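The values are calculated or read from the model by the stated rules, or taken from the named source; none is laboratory data. Please read these numbers as outputs of a predicted model, since none were measured by experiment. All Cβ positions, glycine included, derive from the backbone under ideal geometry; neighbour counts span all protein chains shown.
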Amino acid sequence: MIKKSLFFAALVLGSQHLSAAGSLATLKYGLTSINNDDGFDFAKHSFRIDALFEQDSIIKPRVGFGYVNIDESEQEGGVSSALQLDVEGVYEVESKYLLTPYLYMGAGYEHIIDSRPNFDSQFYIDGGLGLRYPLQNRINLVTEFKAMHMLKSNSNQDAEFALFVGIGIPFGTASAPKDSDGDGVFDYSDMCPNSPRGSQVDLSGCPPKTALAYHDSDGDTIPDSIDVCPNTPAGVGVNDHGCPVRASVEAKPFDTPEPPVLAAAAPAVVKKRAKVVKAPMPAPKDSDGDGILDSDDQCAATPKGYTVNSIGCAVKKTLDVRFEPNSYLVTPASKPSIKSFANFLKRYPNARVKIVGYTDTSGTRSRNRLLSEKRAESVKQLLVSYGISRGKITAIGKGDLNPIATNDTAEGREQNRRIEAEIQ
């Protein structure tokens, strides 16, 4: 019953995080030392599969299942193999190189097949350390050391040790994005998240200027943009400004209207009309200087340096980030710029951001791509530490592609070594 409960708990933990983008599944082969009375004896073949789940916390959960081929067949009643199931917390150590070291600790249960006295199924606590290095096509090379302390006091197998090498492969996709107002634009990029059902919107989820210009709310054929009386009842005649006019009396068929009786005209009184001086129209304003007038700007306080769309909302920003030479460790002087960008993102809780890393042409193309990806990931980690949800950030590396300057000069190469943030 205890074994089943532990297994069920591990499955529940895994299912809760299975959709987390950035999770890592690792297949490992290793050697396990079981009898350590006379020193290490890494002679038992072992196989493991681990699932590391991406989280917004420092400690990431990991679920693992292992098989150890013990094979004591030469002994009468010897142990055949062991099955291990464990749940652990993983802490990744910040490094300025592509190599990522990590520590982990947890607990699990080892089920012994064909057990014998003093070698039976039992619980254990475990811990260890590992190294992960990214290869091409987002595949990671993993090496790991594992130590296990058995909790059953009547066993002569007090501890086990193992060495592993394996391949880590990213898995999982983010949960399906939502479109709360049903306008065809997902919430994370919808700048107008409460648009009326059926309304026409642009790519930002807001009514386009053309739609606003020709929309006619009261159906009087006068567009809202020039309708002085926008709530005229249906069927009422209106003038060119959209306001009601008096209906004329229709003549009955075959009726001949009688000529009107003209009264004596009163002497006309000529009144001098006062001269009306029109105030000059105020000049249109662009308060935040992004090229979009305040009347059309739906993000009216965009900081300097952001590329904006047609409604004045930010879509791209080149971050002022510097790295240590040949590493992806962000320099301390660059962190205020990233923190300022994080504060800007907090003003738009529905937005998502893509962090794109670039390098110059120094080094091989594959190395440049890996380095740019790790640099983008470093910026992502800092944004998370400044309060931005990890699930709203995507980090990718494009290496030396898309240069914005020549790579033939030092100044041009410095410009090409950049981090761009694309707001979605």
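Do you know which residues across region 89-123 are within 38 Å of the chain's Cα centre (by Cα) and modelled with pLDDT under 90?
Correct list: Glu92, Val93, Glu94, Ser95, Lys96, Tyr97, Leu98, Leu99, Thr100.
Do we find a residue being under 15 Å from Phe145 (Cβ atoms) and surrounded by fewer than 19 Cβ atoms within 10 Å (Cβ to Cβ) anywhere in region 52-66?
no
For region 328-347, how many residues meet the condition of being basic (Lys, Arg) and within 24 Å of Arg369 (Cβ to Cβ)?
The total comes to 0.
Please tell me if Ile311 is modelled with pLDDT under 85, in a loop (DSSP other than H, G, I, E, B) and in contact with a Ser or Thr (Cβ under 7 Å, 6 or more places away or on another chain).
Yes.
Being out of contact with any Asp or Glu (no Cβ under 8 Å at 6 or more places or on another chain) and among the charged types (D, E, K, R) is the filter here; which residues of region 348-362 pass it?
Across region 348-362, the qualifying residue is only Arg352.
For Arg62, work out the one condition from (1) modelled with pLDDT of 95 or more; (2) charged (D, E, K, R); (3) not in a strand (DSSP E or B) it doesn't fulfil.
Arg62 satisfies all of (1) modelled with pLDDT of 95 or more; (2) charged (D, E, K, R); (3) not in a strand (DSSP E or B) except (3).
Take the residues in region 19-44 that are closer than 29 Å to Glu92 by Cα, at pLDDT below 85 and polar (S, T, N, Q), then tell me which one is surrounded by the most Cβ atoms within 10 Å (Cβ to Cβ).
Within region 19-44, the match that is surrounded by the most Cβ atoms within 10 Å (Cβ to Cβ) is Ser23.
For region 325-340, how many residues are assigned to a helix (DSSP H, G or I) and free of Cβ contacts under 8 Å to residues at least 40 places away in the same chain?
6
Taking the conditions exactly as written (hydroxyl-bearing (Ser, Thr, Tyr), over 26 Å from Ile139 (Cβ atoms), assigned by TED's automatic domain parsing to the domain that holds Asn407 and modelled with pLDDT of 85 or more), does Ser334 satisfy them or not?
Considered against the rule, which asks whether it is hydroxyl-bearing (Ser, Thr, Tyr), over 26 Å from Ile139 (Cβ atoms), assigned by TED's automatic domain parsing to the domain that holds Asn407 and modelled with pLDDT of 85 or more, Ser334 comes out as yes.
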